[in-house]
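Q: One structure, pasted below without further comment.
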């Protein structure tokens with residue numbers, strides 16, 4: 001009975017991570033209507049970096065090695081590019097669309113990994129990719145078939161770049177025993193520096209001019225969507241299988257849709273609903289195919305499931 005309750009607790013926490021990620025699109029969308037994208041990202045990652053640094057200080061304070069630090073810096077720049085594209089895209093589309101389109105990273109990543117590591121892919125991944133892409137076409141079509149908005153294209157580009165980032169994470173860290181906390185802290189610090197330098201005057205104005213609601217939004221993105229999600233997923237993956245964790249956290253686009261429609265009062269046309277269903281189906285099929293393929297080719301204990 002106790003083991004069942006423990007398993008359910010892990011599942012619940014992983015679902016909370018998915019809810020936090022799914023809600024991040026609406027939170028970012030709300031903030032982009034008041035200040036610039038780089039200002040939002042600067043404040044978000046300054047908060048994230050400070051929180052992670054505090055966690056490091058409370059912990060064992062082991063210093064990162066030189067190669068570990070260099071790897072974190074490189075990944076920090078690719079992460080900064082992903083989030084800039086994603087957040088800029090969110091400002092030009094709906095939170096619902098953004099949450100669904102960015103989920104294509106689940107389908108894109110196996111293809112970038114296949115190119116990087118010369119690995120053959122299961123056929124189901126191609127079926128999942130076609131299903132998801134058709135879903136995106138329907139989602140962005142509105143009342144009829146039309147060209148996607150610039151925001152939609154930027155989020156799609158973010159999904160593609162994120163798949164490259166995830167592949168880079170795997171290529172640069174596999175088998176090296178790097179600390180997840182060190183890498184995440186370094187990446188967050190790089191993002192904070194890049195975004196702050198991009199518009200430091202805007203950041204200073206925001207610090208002095210933000211109201212309580214805006215600070216709450218930034219804190220939510222920095223603490224709940226970054227620090228909390230990182231800590232929970234790192235702990236939870238040690239308590240369950242990577243495949244189960246991936247499937248639970250893969251519900252992110254579903255929460256993005258539900259939150260966008262209920263709280264954000266966004267709407268979907270009939271074609272949009274069909275497209276959303278196809279995207280969710282495609283990402284789910286892709287995730288299952290990838291995890292089964294990984295389980296068949298990777299020795300036990302070598303799997304991982306970390307949000308890029």
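The values are calculated or read from the model by the stated rules, or taken from the named source; none is laboratory data. Note that the structure is a prediction, hence the values are computed from the model and not measured. Don't worry about glycine lacking a Cβ; one is built from the backbone with ideal geometry, like all the others, and counts go over all protein chains shown.
Q: Give the number of residues within region 52-68 that are surrounded by 11 or more Cβ atoms within 10 Å (Cβ to Cβ), within 26 Å of the chain's Cα centre (by Cα) and modelled with pLDDT under 90.
A: Qualifying residue count, region 52-68: 1.
Q: Assess whether residue 232 counts as being more than 24 Å from residue 293 (Cα to Cα), touching a residue at least 24 places away in the same chain (Cβ under 8 Å) and surrounded by 22 or more Cβ atoms within 10 Å (Cβ to Cβ). Break it down into steps so the answer makes sense when it comes.
A: Working: more than 24 Å from residue 293 (Cα to Cα): yes; touching a residue at least 24 places away in the same chain (Cβ under 8 Å): yes; surrounded by 22 or more Cβ atoms within 10 Å (Cβ to Cβ): no.
No.
Q: Right, something else. crowded, with 24+ Cβ neighbours inside 10 Å and over 14 Å from the mean Cα position of the chain (by Cα): is that true of residue 42 in this structure?
A: Working: crowded, with 24+ Cβ neighbours inside 10 Å: yes; over 14 Å from the mean Cα position of the chain (by Cα): yes.
Criteria met by residue 42.
Q: Just to be sure I understand, how many residues within region 114-139 are surrounded by fewer than 15 Cβ atoms within 10 Å (Cβ to Cβ) and in contact with a helix residue (DSSP H, G or I) (Cβ under 6 Å, 6 or more places away or on another chain)?
A: Looking only at that region, the number is 1.
Q: Also, I was wondering about something else. Which one of these is in a helix (DSSP H, G or I), buried (at least 17 other Cβ atoms within 10 Å of the Cβ) and in contact with a helix residue (DSSP H, G or I) (Cβ under 9 Å, 6 or more places away or on another chain): 108, 77?
A: Numbers: 77 fails: buried (at least 17 other Cβ atoms within 10 Å of the Cβ).
108 is the lone residue from the list that is in a helix (DSSP H, G or I), buried (at least 17 other Cβ atoms within 10 Å of the Cβ) and in contact with a helix residue (DSSP H, G or I) (Cβ under 9 Å, 6 or more places away or on another chain).
Q: Another one. Let me spell it out: the conditions are (1) at pLDDT 85 or above; (2) under 22 Å from residue 108 (Cα atoms); (3) under 21 Å from the mean Cα position of the chain (by Cα), and residue 219 meets all of them except one. Which number is the exception?
A: (2)
Q: One residue is enough: does region 186-200 have a residue meeting the conditions in a helix (DSSP H, G or I), in contact (Cβ under 8 Å) with a residue 40 or more places away in the chain and more than 28 Å from residue 34 (Cα to Cα)?
A: Checking region 186-200: at least one residue is in a helix (DSSP H, G or I), in contact (Cβ under 8 Å) with a residue 40 or more places away in the chain and more than 28 Å from residue 34 (Cα to Cα).
Q: Collect the residues in region 235-255 that are farther than 20 Å from residue 109 by Cα and modelled with pLDDT of 85 or more, keeping them in residue-number order.
A: Kept after step one, since they are farther than 20 Å from residue 109 by Cα, are these residues of region 235-255: 235-236, 238-240, 255.
Of everything in region 235-255, just one residue is farther than 20 Å from residue 109 by Cα and modelled with pLDDT of 85 or more, namely 255.
Q: One residue is enough: does region 149-170 have a residue meeting the conditions surrounded by 14 or more Cβ atoms within 10 Å (Cβ to Cβ) and on the phi > 0 side of the Ramachandran plot?
A: no
A quick yes/no check of all residues on (1) assigned to a helix (DSSP H, G or I); (2) at pLDDT below 95; (3) under 27 Å from residue 235 (Cβ atoms):
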site: 137; (1), (2), (3): yes, yes, no
site: 141; (1), (2), (3): no, yes, no
site: 145; (1), (2), (3): no, yes, no
site: 167; (1), (2), (3): yes, yes, yes
site: 172; (1), (2), (3): yes, yes, yes
site: 181; (1), (2), (3): yes, yes, yes
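Q: Taking region 71-127 as the search range and keeping residues that are under 18 Å from residue 256 (Cα atoms) and without any contact (Cβ under 8 Å) to a residue 60 or more places away in the chain, which one is nearest to the chain's Cα centre (by Cα)?
A: Per the stated criteria, the residue is 87.
Q: From the list 34, 93, exactly one residue is surrounded by 21 or more Cβ atoms within 10 Å (Cβ to Cβ) and not in a helix (DSSP H, G or I). Which is it?
A: Working: 34 fails: surrounded by 21 or more Cβ atoms within 10 Å (Cβ to Cβ).
Only one candidate qualifies: 93.
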